[in-house]
Amino acid sequence: MKKIGIICLALVMALGAMGLGYALWSEVLTISGTVQTGDIGAEWSVEAYGDNETKDVSSCVATGNGSDTLTVTITGAYPCVGYYVDWNIEGTGSVPIHFAAPSIDTANMPSGSTFTFTKMDGTAIDWSTVQLHDGDTQLGKLTVHLDNTAAENTNYSFSANLTYGQYNEFP
Amino acid sequence: MKKIGVICLALVLALGGLGVGYALWSDTLFLEGTVETGEVDWEFSDFSIKDPFADNETIGDWNILPGFVGQAYQTSKSVGWITGQLVDGDDGDGDNSTLNLTLHNMYPCYYNAITVYPICTGNVPIHFVKATISNEYGFSYTWTAFPYEEKEFDITGDNVSDIEFQWGDSLGLQIHKGDSPPEISFKIHILQAAPQGFSNGKFSIKMEAVQYNEAP
């Protein structure tokens with residue numbers, strides 16, 4: 001009987017202690033956050049294209065407005081004609097961008113051909129200084145010229161890749 | 001006959017003694033008590049944001065290396081920014097107990113620092129004992145003592161950490177009613193894995209204060 005009494009007493013004391021613990025007064029302040037990330041983007045637009053031949057024999061056409069790929073198609077080409085595309089790159093992301101130097105591949109062009117990727121006045125673009133904010137543009141000109149090393153009825157190709165990244169970490 | 005007389009006398013004496021007992025004067029004093037308890041309460045009186053500047057080219061963003069290594073450095077462009085608003089919390093007591101932050105146009109490496117200024121609005125002094133940061137994807141961590149670890153976690157649900165926080169040295173502060181609000185600050189850094197175009201990354205920081213005399 002005495003044992004039961006001691007157990008009951010211990011139980012009561014334990015419950016009492018628990019009550020003290022729960023009675024600790026506290027108050028919480030809340031900071032809630034919503035994160036919206038920005039984006040980076042750029043797209044081509046074609047301003048003009050053509051050639052300098054004196055007769056309408058070959059043609060140079062460029063497409064890709066609003067996309068990330070500019071496609072240039074030269075048909076009926078022959079030596080000593082200059083083909084050109086005036087292009088424009090527009091920044092479309094909310095985070096400004098920087099460019100790396102373009103990677104230009106002309107390995108599959110005739111050995112004596114020339115390929116330029118320049119400002120409109122023909123001078124080189126210093127890509128390390130090009131920064132595009134949303135809506136900013138970079139104008140330029142692409143030229144292709146074949147010399148007599150070009151073979152007849154042959155398909156040639158070239159490419160230029162421009163890599164860009166967020167302004168603060170690239171390149 | 002004489003015996004009966006003695007008995008009667010004894011009875012009278014006994015009754016007389018009883019009468020003396022009943023006639024003892026008495027009175028009662030009462031004590032009544034009223035207990036009014038105090039209140040533990042606090043609220044944000046104000047806050048400040050290091051970079052609240054949107055689209056302002058004259059005040060550039062701040063960047064820092066992952067892990068908050070080194071000093072933050074200022075860039076030349078204003079791209080991202082953070083806005084905040086103080087509102088009443090769920091308890092509806094009219095106190096500014098919630099600070100809603102919106103991190104706009106975030107990008108990797110972006111850095112910002114937030115400072116809040118709490119005041120004690122209850123009449124019981126308080127101790128600021130812990131801050132718990134959590135998100136909707138089950139992450140939760142509580143800062144309770146210095147040194148405070150930097151904590152990174154995922155806010156987009158792809159199981160890759162996108163953001164990291166560094167808590168300031170402010171736990172243990174004691175605040176009385178009427179005290180000038182102390183500064184409690186924390187830092188935010190956007191990590192490399194943050195995806196583009198994400199608009200609804202959530203986090204929550206709960207700052208808990210308890211009555212001064214029972215703080216752990």
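What follows draws every value from the coordinates through simple rules; no lab data is involved. Bear in mind that the values here come from a model prediction, so they are computed numbers and not experimental data. Quick reminder, even Gly has a Cβ in these numbers, built from the backbone with ideal geometry, and neighbours come from all protein chains shown.
Show that you can apply the helix-only estimate: for chain A, add -39,500 (n - 2.57) for every DSSP H stretch of four or more residues, divide by all residues, and state [θ] at 222 nm to the nearest 500. Spell out each step's value before the answer.
Working: 1 runs with 21 residues, N = 171.
Rounded to the nearest 500, it is -4500 deg cm²/dmol.
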Exercise. Aspartates and glutamates within cross-link reach of residue B:130: Cα-Cα under 13 Å, excluding same-chain residues under 8 positions apart?
Worked result: A:27, B:169, B:208
Problem set entry | Alpha carbon centroid spacing (whole Å) that separates the range B:149-163 from the range B:41-107 | 18
For this session: Find the relative contact order for the range B:42-214 and round it to a whole percent, using C-alpha pairs within less than 8 Å whose residues are 6+ positions apart.
Result: 25
Seminar exercise, completed: Total charge of the residues flanking residue A:120 in space, meaning their Cβ is under 12 Å from its Cβ, with Lys and Arg +1 and Asp and Glu -1, is -1
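Taking a 29 Å limit on the Cα-Cα distance, which of the listed pairs B:77/B:202; B:50/B:202; B:151/B:177 fall beyond it?
Checking Cα-Cα distances, B:151/B:177 exceed 29 Å.
Quick one: B:155, B:49, fewest Cβ neighbours within 10 Å first, how do they rank?
Details: B:155 24, B:49 16.
Ordered from fewest to most neighbouring Cβ atoms within 10 Å, B:155, B:49 come out as B:49, B:155.
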For this session: Kindly express, to the nearest 10 degrees and within the range 0 to 90, the angle between helix B:2-22's C-alpha long axis and the longest C-alpha principal axis of chain B.
Result: 20
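Quick one: if you take sqrt(5λ) for each eigenvalue of the C-alpha gyration tensor of chain B, what semi-axes come out, biggest first, whole angstrom? The partial results should precede the final answer.
On the way: eigenvalues 1050, 62, 43 Å².
Equivalent-ellipsoid dimensions as semi-axes: 72, 18, 15 Å.
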Problem set entry | Formal net charge of residues neighbouring residue A:46 (Cβ-Cβ distance under 14 Å; K, R +1; D, E -1) | -4
Problem set entry | 0 to 90° range, to nearest 10: angle between helix A:2-22 axis and chain A longest Cα axis | 40
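Tally Lys and Arg at +1 and Asp and Glu at -1 over the other residues with C-beta under 14 Å from the C-beta of residue A:156: what net charge comes out?
Numbers: positive: none; negative: A:105, A:147, A:152.
So the environment of residue A:156 carries a net charge of -3.
Counting partner chain Cβ atoms within 10 Å of every residue's Cβ in A:38-44, what's the average? All intermediate terms of the calculation are to be shown ahead of the outcome.
Values: counts 12, 6, 3, 2, 0, 0, 0.
Across the residues of A:38-44, the mean count of other-chain Cβ atoms within 10 Å is 3.
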